[in-house]
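Written out below as structure tokens is the structure these notes cover.
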Amino acid sequence: MAWFFGSKNKDEVNSGEESSQTIEKAEEKTDDSAAAFPCALEEKPGSGFPSGKPQKSPDDILKNLLDLMGVEYAISREETDDGIHFNISGEYEALLIGKMGQTLDALEYLIGKICHGGREAPEKRIFLDVGNYRKKREEKIVFLARKLASRVADHGRPEIIKPMSPMERKIVHMTLRDHPCVETKSEGEGFYKEIVLSYKKSL
Amino acid sequence: MKELVAYMARELVDFPEQVEVREIEGEKTTVVELKVAKDDIGKVIGRQGKTARAMRSILSATAMKQGKRAMLEILE
């Protein structure tokens, strides 16, 4: 800014004497701003966060990640009691969702991890969706769970739902929680587990 | 892709200035090597490798967009 004003003045004034004065002034101003700069930098690290680490904005992290991935996007944002919901739309929706929602889960997890550090129960959880994929998927899972449950109820033989992420398993468990004769159980190890629907023995 | 990995790693660790990323381009596959401070290795790997897996998923999607394959290796 100081440089800009200095050069502007120089153009307006014709006499050599005065122009050298303006240059001096301009230099003075640059010195001032240079002195002010380190202060501005020092303010950044200590944002008064208990762990000493400044809290990062999920909006910025999401945008930076999508920029670095090289995709074009539009983001809608909604803040509710349970957390912040982002919905991304654009040309590369399939890519951002990935196989079985893998990329979407990864982005959601990573943004949450960066924003909340290692804290277990953050006050604002981050929810990511791309082109309403999660919503459509939830409807599909509820439909599948009900269909398989009625099959188990009819035949008494257990049915297995192929491996799903914890959030998707939760949908199945919640859907069939009050089912009169079918119980649900996650089986396997790791992040993706199968769900077994079986006939309730203790009736 | 190098910038993407470097960004993710720097945001996760306690010592961002010690994050080093190297990209080794092969014919079909690009290998991205990530090196962080010794105390930060756990942060980029995560519980049961969850964070590393998330970074790999995002890297793979980015590579796929460019018609490539990419692998992330975390060096000790």
If a residue has to be crowded, with 16+ Cβ neighbours inside 10 Å and of a type in the set (A, V, I, L, M, F, W, C) to count, how many in segment A:165-190 make the cut? 4
Residues of segment A:61-74 classified as under 11 Å from the mean Cα position of the chain (by Cα) and either acidic (Asp, Glu) or more than 12 Å from chain B (Cβ to nearest Cβ) (or both), total: 0
Could you tell me whether any residue of segment A:97-112 is modelled with pLDDT of 95 or more, more than 10 Å from chain B (Cβ to nearest Cβ) and under 16 Å from B:MET64 (Cβ atoms)? no
Report, by residue number, each residue of segment A:86-111 that is farther than 25 Å from B:VAL44 by Cα and assigned to a strand (DSSP E or B). A:ASN87, A:ILE88, A:SER89
Inside segment A:160-191, the number of residues satisfying the requirement of being within 22 Å of A:GLY101 (Cβ to Cβ), touching a helix residue (DSSP H, G or I) at 6+ places or on another chain (Cβ under 7 Å) and more than 14 Å from chain B (Cβ to nearest Cβ) is 8
Those residues of segment A:184-201 that are part of a strand (DSSP E or B) and farther than 17 Å from A:LEU144 by Cα come to a total of 1
Considering only segment A:127-138, I want to know if a residue exists there that is within 25 Å of B:ALA6 (Cβ to Cβ), within 13 Å of chain B (Cβ to nearest Cβ) and in a strand (DSSP E or B). yes
Does B:MET8 satisfy being within 10 Å of the chain's Cα centre (by Cα), of a type outside the set (Phe, Trp, Tyr) and surrounded by 16 or more Cβ atoms within 10 Å (Cβ to Cβ)? yes
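The values are calculated or read from the model by the stated rules, or taken from the named source; none is laboratory data. What you see is a predicted model, and the numbers here were worked out from it, not measured in a lab. Virtual Cβ from ideal backbone geometry, glycine too; neighbours counted across all protein chains shown.
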